[in-house]
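Beneath this line is the structure, given in structure tokens, with notes to follow.
The values are calculated or read from the model by the stated rules, or taken from the named source; none is laboratory data. Because the structure is predicted, anything quoted here is derived from the model rather than measured. Ideal geometry is used to build each Cβ from the backbone, glycine not excepted, and the neighbour counts take in all protein chains shown. Heads up: the accessible areas ignore ligands, DNA and RNA and are worked out on the full protein's heavy atoms, side chains in. Shrake-Rupley method; radii C 1.70, N 1.55, O 1.52, S 1.80 Å.
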Amino acid sequence: FYTGDEFPAWRGNLFVGSLKFRYLARLELDGDRVVAQERLVEDAFGRVRDVRQGPDGNLYVLTDEDDGALIRLEPVAD
């Protein structure tokens, strides 16, 4: 669950990675029910092994490729 300040509109959303379908999903919840889903970085990095919120409030994505990467997602300035 995202609790940081870097993406205020996403606060309280759940982020999950997909190994098979190669995307990061942002899920909006109402209680224990998913009410909206957005696929982020679909097939951009390969298989998504894990996603975590860092202490800086950014999201970090770990890929599951032979030459895998740790990718920091940060907001784009307006």
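Rg(Cα) of region 24-74 divided by 2.2 N^0.38 Å? Could you put the intermediate results ahead of the total?
Details: Rg = 12.4 Å, N = 51, 2.2 N^0.38 = 9.8 Å.
In units of the 2.2 N^0.38 Å rule of thumb, it is 1.26.
Accessible area per residue (1.4 Å probe, heavy atoms of protein chains only) ranks Phe15, Phe21, Phe1, Phe45 as Phe1, Phe21, Phe45, Phe15, with the largest value leading. In a DSSP loop and with at most 11 other Cβ atoms within 10 Å, the trypsin sites (Lys or Arg not before Pro) in region 16-78 are Lys20. Between Gln37 and Ala9, the C-beta separation translates, for a Förster distance of 22 Å, into a calculated FRET efficiency of about 0.90. Quote the FRET efficiency, to the nearest 0.05, computed for Arg52 versus Ala77 with a Förster distance R0 of 30 Å and r equal to the Cβ-Cβ distance. Efficiency, from the Cβ-Cβ distance: 0.80.
Could you sort the peptides 55-63, 6-14 by per-residue average Cβ neighbour count (10 Å cutoff), highest mean leading?
On the way: 55-63: 15.8, 6-14: 14.1.
Ranking, from highest mean packing down: 55-63, 6-14.
Between Leu27 and Ala44, the modelled labels are 2.1 nm apart [label points 7 Å from Cα along Cα→Cβ].
Shape annotation for region 3-54: C-alpha extents along the principal axes are 29, 24, 14 Å, from largest to smallest.
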